[in-house]
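Notes for the one structure printed next.
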Amino acid sequence: MSSLIDYRSKSVTGLRGTIEVPGDKSISHRSIIFGSLANGMSEINGFLEGEDSLATLNAFRDLGVVIEGPQDGRLVIHGVGLYGLSAPKGDIYLGNSGTSMRLITGLLSAQPFRSRLVGDESLSGRPMRRVTDPLSDMGAVIEITEKGTPPVDIFGTSKLTRINYLLPVASAQLKSSLILAAMYARGLSTIEEPVITRDHTERMMSAFGCGITSNVSGCIKIEGGKDYRGTRIDVPGDISSAAFFIVAALICPNSNITICNVGINPTRIGILNILEKMGADIEVINERHDLFEPTADLKVRYSTLKGIKIPKNQISLAIDEFPIIFIAAACASGETILRGAEELKVKESDRIESMAKGLETLGIQTTVYDDGIKIIGGEIGSGTVNSNHDHRIAMAFSIAAIRSSGEVLIEDCKNVATSFPNFIDLAKEVGMRIDSEVR
Ligand code: S3P
């Protein structure tokens, strides 16, 4: 049996320093996908060397793409062109990565060969029908389990028809999966989203010069069969990883942390908008808008936070940050209420349940709703919590320990490596008292 990793994290009196977090996970996945489908070479810098984006990298190696690296976040991808992928020799293993599973399903449904996508226990429980139903409408032939989960068997075809589709859920993975299939369909496809979600696919396709247009009201048009050339992509730091250090500094008296080169794409800054409404002191400096993804440095100081009703229009813009937002809420005065966030139940774990359980263990009062949670700010106690195999739950409770009366033992933290392999090192660098233990 493989060993487990737990974290032990203790309170501290002040956090200081200037750090850089690893590359954005969503953009890293997409850099491999679009670099592989380009004609000729692409150079990627700042690639996240975490298990999830490496799963995408290995999948494209299985599909015959030559990729040099990663070395210090640098990759050279020898793109094979839109029609150059080859049949994999066996199952493609995607570990814990929902983004790899959803996006690659869309792409492989349009290839003239069979393939099978598999994942770990958590990924094998995640919903796939949202992706396979519209792909089937385009003519794809895909089999999943009766429960609508992976493994995904794809009987590829080169005859997909175009799609005009209004997304029934706010999901950038679904949107991107359909965009990838539409790149192979004859004619113009239109995908509309009722709520804006992260637009990294659209931005990257524009950077590569692929046939895509999108407007601010969420209508995306994709022209099938357009090939394009390789390019250079600089991946900014992941705001979803920065989020843990932002909240760490906000809840720890005497703290002042600067996080450099963070992606501040407007479709990802829900965390900043929500925390500012709670009273956070976050200065956005050195903004750069000349790249395909805007970046900035974030200067964060300890702040007295107050509970709020989280605005519904921020949910999709902060979808991965709720575990750590809930920790901010636990340290704020009064109530924080989140409703309309049922998507949180189908992430790497049910994030409403995982967080409510851990917060209750640490003495914070919560009420769980079918689409959200109420958290009443209070004193964080000590205790043992479990991540439910979920990287963001593990990191959120590591940060909660900063304000704990004793120490917090967080069980099952191995999956932190999926998105933030050097989390412990950076946490120590800014002054946290945190260690990992092998069980
Ligand atoms: C992602 C989209 C989001 C997010 C995930 C990454 C992406 O998922 O939670 O971590 O890169 O497209 P959904 O599309 O399921 O909301």
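Worth a mention:
- Net charge in the neighbourhood of residue 308 (other residues with Cβ under 13 Å of its Cβ; Lys, Arg +1, Asp, Glu -1) is +4.
- Accessible-area composition of the chain, carbon plus sulfur, in percent [1.4 Å probe]: 47
- The tail of the calculated P(r) for the range 85-157, taken as Cα-Cα distances beyond 21 Å, holds 14 percent of the pairs.
- Environment charge of residue 256, counting only residues whose C-beta is closer than 9 Å and scoring Lys/Arg +1, Asp/Glu -1: +3
- Other residues within the sphere of radius under 10 Å centred on the Cβ of residue 277, judged by their own Cβ, net out at +1 (K and R +1, D and E -1).
- Checked against a 23 Å cut-off, the cross-linked pairs 159/226; 25/345; 175/226; 89/175; 89/347; 299/428 give Cα-Cα distances beyond that limit for 89/175; 89/347.
- Each principal axis of the Cα atoms in the chain has its own extent, and those three values, largest first, are 61, 46, 45 angstrom.
- The range 112-189: C-alpha gyration tensor shape, a/c 1.5 cut-off, then a/b vs b/c: oblate
- Annotation: peptides 47-59, 198-210, ranked by per-residue average of other Cβ atoms within 10 Å with the highest first, follow the order 47-59, 198-210.
- Heavy-atom surface of the chain, accessible at 1.4 Å and reported per residue (Å²): 37
- Relative to one another, the C-alpha centroids of the range 113-148 and the range 155-216 are positioned 17 Å apart.
- Convex hull per residue volume in Å³, alpha carbons only, for the range 120-164: 70
- Ranked by the mean number of other Cβ atoms within 10 Å per residue, highest first, peptides 127-135, 158-166 order as 127-135, 158-166.
- The range 300-369 and the range 227-257 have Cα centres lying 19 Å from one another.
The values are calculated or read from the model by the stated rules, or taken from the named source; none is laboratory data. Just so you know, these numbers come straight off a predicted model, no measurement behind them. Quick reminder, even Gly has a Cβ in these numbers, built from the backbone with ideal geometry, and neighbours come from all protein chains shown. Only protein heavy atoms, including side chains, enter the accessible area calculation; ligands, DNA and RNA are left aside. Shrake-Rupley method; radii C 1.70, N 1.55, O 1.52, S 1.80 Å.
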